[in-house]
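The structure under discussion appears below in the form of structure tokens.
The values are calculated or read from the model by the stated rules, or taken from the named source; none is laboratory data. None of these values were measured; they are calculated from a predicted model. Positions of Cβ are backbone-derived with ideal geometry, glycine not excepted, and every protein chain shown enters the neighbour counts.
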Amino acid sequence: MTGSAINLEFIHLTIAFALVMAIAIGVSAVLVMLLRPLLKRYVMARPNQRSSHREPTPQGGGIAVMAALVVAVAIAFVIVPDIGASARTLGVLIAATLGLAIVGVSDDVRPMNALPRLILQGVAVAVVIALLPDGLRVLPFMPWWLEAALMLIAGVWLVNLVNFMDGIDWMTVGEVVPVTAGLLIAAALGALPTEGTVVAAALCGAMLGFAPFNKPVAKIFLGDVGSLPIGLLLFWLLLLLAGNGYLAAAILLPLYYVADATVTLIRRALARENVTQAHRSHFYQRALDGGLPVPAIIARVVVLNVSLIVLAATTILFPSLETDAIALTAGCALVALRLYRFERSA
């Protein structure tokens, strides 16, 4: 294939992925506007001692986000070349995602006990792991059964931590949009397959369409119907990236969310608090309680995520153990500094 033919193919794919994103933006925004009056009647998040909002606010905007993603992925089969070979994978992925969204709807309307919720999340994560291409290994030096067990634990944790961290206006937007943008950059560098690029573009677009309605002060929240399946989709995308040989990049992209949620959980466990209960002890929540306004918190998170994207892209462009080690060290230092500064704001 000639260089001009490769360039034309790249341009064609770029336009197709941009269309997928644009469709997701439009569908998400329209559905939020249509659903919000209905959600105001039936699914309201009312302030309590752990809330960051002061007025009752409808939740369930994740319905629009998930519907937009499904529509955009469906249209991708018409406009993205060679995506038909991934029809089964994407079909099962969407089914698992919607199944987890139903769990989220149930939890939004009437909170579910922790054990059945975890079991259902585990089933969805196991389905996603089973979708990985044959021979794809994230930790090839381990026995396959141990790697699978660790992936299951990591997947359930990522699903939950996205839910845990969705505690102030625009927080999930400020995380998911940069992470999916980083995944699209990875795709442009050849680190993500076509089916992963489609899902990343659709999820990024769906969150961008939701963003204007969730900006401070939010008119609508995602709810568990959005946060749980978003965690599942991010897990699958990051697994694809790691399995293609870019484990460092897959760790770096979601590092802030993982660090804030994990350190907070460990702190609460050491303090013998009930780790399954809602709380206001995340680092960003401490900063909010200390007087840092929501837009300032989100701006700091986005700037940090942009830095993590640069580090992740560096590990893809210059693959080596040395590059990975330097990038991971720098990423951990930046995240630790941000957590420390949030803590000092309290």
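Laid out as a table, the results:
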{"item": "Test: residue in segment 84-94 that is under 28 Å from residue 221 (Cβ atoms), free of Cβ contacts under 8 Å to residues at least 40 places away in the same chain and either in contact with a His (Cβ under 9 Å, 6 or more places away or on another chain) or of a type in the set (Gly, Ala, Ser) (or both)", "result": "no"}
{"item": "Criterion: surrounded by 15 or more Cβ atoms within 10 Å (Cβ to Cβ), in a helix (DSSP H, G or I), touching a residue at least 12 places away in the same chain (Cβ under 8 Å) and over 18 Å from the mean Cα position of the chain (by Cα) - qualifying residue of 148, 124", "result": "148"}
{"item": "In segment 240-273, the residues that are farther than 23 Å from residue 286 by Cβ, in contact with a helix residue (DSSP H, G or I) (Cβ under 7 Å, 6 or more places away or on another chain) and either at pLDDT below 95 or in a helix (DSSP H, G or I) (or both)", "result": "240, 241, 242, 248, 249, 250, 251, 252"}
{"item": "All positions within segment 291-346 that are of a type in the set (Gly, Ala, Ser), in contact (Cβ under 8 Å) with a residue 40 or more places away in the chain and not in a helix (DSSP H, G or I)", "result": "291, 346"}
{"item": "Only listed residue being modelled with pLDDT of 95 or more, closer than 26 Å to residue 262 by Cα, surrounded by 24 or more Cβ atoms within 10 Å (Cβ to Cβ) and of a type in the set (S, T, N, Q), chosen from 197, 180", "result": "180"}
{"item": "Tally, over segment 84-109, of residues that are farther than 17 Å from residue 166 by Cα, of a type outside the set (Ser, Thr, Tyr) and either at pLDDT 90 or above or surrounded by 21 or more Cβ atoms within 10 Å (Cβ to Cβ) (or both)", "result": "12"}
{"item": "Tally of residues being crowded, with 24+ Cβ neighbours inside 10 Å and out of contact with any Gly (no Cβ under 9 Å at 6 or more places or on another chain) across segment 214-245", "result": "3"}
{"item": "Of the criteria (1) surrounded by fewer than 19 Cβ atoms within 10 Å (Cβ to Cβ); (2) without any contact (Cβ under 8 Å) to a residue 60 or more places away in the chain, which one residue 287 fails", "result": "(1)"}
